[in-house]
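Data first, discussion second: the structure below is written as structure tokens.
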Amino acid sequence: MGNSHGHHHRHRKNRNEENGSFPHKSSGQFDHHHHHNPPQQASSTSSTMSLPYAHVDSCLRALAAQAEGFGRSAIGGLRGPLYHVTTLADDGPGSLREGCRRKEPLWIVFELSGTIHLSSHLSVSSYKTIDGRGQRIKLTGKGLRLKECEHVIVCNLEFEGGRGPDVDAIQIKPNSKHIWIDRCTLRDYDDGLIDITRESTDITISRCHFSQHDKTILIGADPSHVGDRCIRVTIHHCFFDGTRQRHPRVRFGKVHLYNNYTRNWGIYAVCASVESQIYSQCNIYEAGQKKVAFKYLTEKAADNEEARTGYLRSEGDLFIAGTQHGLMTDQVGEHTMFHPSEFYPSWTVEAPSDALKQVLQHCTGWQSVPQPADQAIAAQ
């Protein structure tokens, strides 16, 4: 388990954004004066930080299977043709909905920018990449529904203003797996921003920006769904910007949180409920009026007589602005806590710092990046 932090820097050594702000020097070509500094001392400009998968914008399909964490296998529409969204209409030829409902693998790109008003949930079928790079697309009205699907990548979209009961920006249920949500901006929905329930698993949420919202991310719907013990989710390099609660709230599942910045929550930052295992690593927690970051809720699983809370391990987290961590002193069941290295060999994590905070404020959510060229891929 000793390989869970520093050694993970090695796999990025050829990425051009890496430099000396890391505790381990990885490649001679970056061997210059910065490398002696501990990570906390990195300057506060984004150029001194390396974000994971920095190379994926060099060619279109380089995104596939580059997620870190539990969603790392997601290939999306890698093996399918391009599908061009040519209209902002809710349905019909050239619409996003038409592409998402098709059964074959598709890599969906946008030929225009603007707002797509969804009059009903937009169901996404398996083996789809919805790739908003190169344009600015906002989804409003309703949200995406990932139901009984696998290998879906959603990248560089905005979600705002979802209305109606049970309207989430991205709803992942039931039985969906190998999902990656990357660089999306999500705010102001009537229910949740991201819900992961009903035995959906192997999911990564990365570099997203969450704001203007109450119930942000729910993992595990209620104590009766004991099948949710299979849920595994990674959330990293996200910015939870004044959202009220659920960053995330977890029942049953295993969740790895690292290098996220959560500030000015309204109730709590992270909540561990029935049998959940949350590994919080090198995150920044900056309280507003509510000072306690971690909350525990006791609930009774349907197949268990005894009500239980969840487990939360904090390693290397930074608690600032008077934040109290709220960790339980007697973590009964600590031995049941998972470690991410049992499931994946590497991830990009560094000590939390002011520099990381600056980067997460600017490099999360929708990004103005050009649409990469689509280069032919070798036959799989």
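Quick one: in region 200-228, of everything that is surrounded by fewer than 17 Cβ atoms within 10 Å (Cβ to Cβ) and in contact with a strand residue (DSSP E or B) (Cβ under 9 Å, 6 or more places away or on another chain), which residue is farthest from Arg251 (Cα to Cα)?
Here the residue is Gln212.
So which residues in region 268-313 are of a type in the set (Val, Ile, Thr), within 16 Å of Gly326 (Cα to Cα) and over 21 Å from the mean Cα position of the chain (by Cα), if there are any at all?
Passing the criteria: Val292, Thr298, Thr309.
Taking only region 74-101 into account, find how many residues are on the phi < 0 side of the Ramachandran plot and surrounded by fewer than 16 Cβ atoms within 10 Å (Cβ to Cβ).
Going through region 74-101 one residue at a time, the tally reaches 8.
With the condition kept exactly as written, say whether any residue in region 184-196 is surrounded by fewer than 24 Cβ atoms within 10 Å (Cβ to Cβ), under 23 Å from Asn260 (Cβ atoms) and in contact (Cβ under 8 Å) with a residue 60 or more places away in the chain.
yes
I'm trying to understand the selection: among the residues of region 181-213, which are part of a strand (DSSP E or B), among the charged types (D, E, K, R) and more than 15 Å from the chain's Cα centre (by Cα)?
Asp188, the sole residue that qualifies.
Looking at Ala302, is it under 15 Å from Ile194 (Cβ atoms), aliphatic (A, V, I, L, M) and surrounded by fewer than 21 Cβ atoms within 10 Å (Cβ to Cβ)?
no
Determine if region 168-178 includes at least one residue that is touching a Lys or Arg at 6+ places or on another chain (Cβ under 9 Å), of a type in the set (A, V, I, L, M, F, W, C) and in contact (Cβ under 8 Å) with a residue 40 or more places away in the chain.
no
Out of the residues in region 159-180 meeting the condition of being assigned to a strand (DSSP E or B) and not aliphatic (A, V, I, L, M), tell me which one is surrounded by the most Cβ atoms within 10 Å (Cβ to Cβ).
Trp180
Return the only residue of Val274, Val255, Val233 being aliphatic (A, V, I, L, M) and either at positive phi or part of a loop (DSSP other than H, G, I, E, B) (or both).
Unique residue meeting the criteria: Val274.
Considering only region 72-93, state which residues are of a type in the set (A, V, I, L, M), part of a loop (DSSP other than H, G, I, E, B) and within 17 Å of Arg61 (Cβ to Cβ).
If the condition is that a residue be of a type in the set (A, V, I, L, M), part of a loop (DSSP other than H, G, I, E, B) and within 17 Å of Arg61 (Cβ to Cβ), then Ala74, Ile75, Leu78 are the ones that fit.
Find the residue count for region 124-158, including only residues that are touching a Pro at 6+ places or on another chain (Cβ under 7 Å), over 19 Å from Ile196 (Cα atoms) and either buried (at least 21 other Cβ atoms within 10 Å of the Cβ) or among the hydroxyl-bearing types (Ser, Thr, Tyr) (or both).
Total satisfying the criteria: 1.
I'd like the residue in region 258-270 that is part of a loop (DSSP other than H, G, I, E, B) and touching a helix residue (DSSP H, G or I) at 6+ places or on another chain (Cβ under 9 Å) and, out of all such residues, is nearest to Phe239 (Cα to Cα).
Checking each candidate, the answer is Asn260.
With the requirement that a residue be under 14 Å from Tyr83 (Cβ atoms), touching a Gly at 6+ places or on another chain (Cβ under 9 Å) and either among the basic types (Lys, Arg) or outside any loop (DSSP other than H, G, I, E, B) (or both), what does region 103-121 give you?
Leu106, Trp107, Ile108, Val109, Phe110
Values quoted throughout were computed directly from the atomic coordinates according to the rules given, and no laboratory measurement underlies them. Note that the coordinates shown come from a computational prediction; the quantities given were computed from them, not determined experimentally. Note that we place each Cβ from the backbone using ideal geometry, even for glycine, and neighbour counts take in every protein chain shown.
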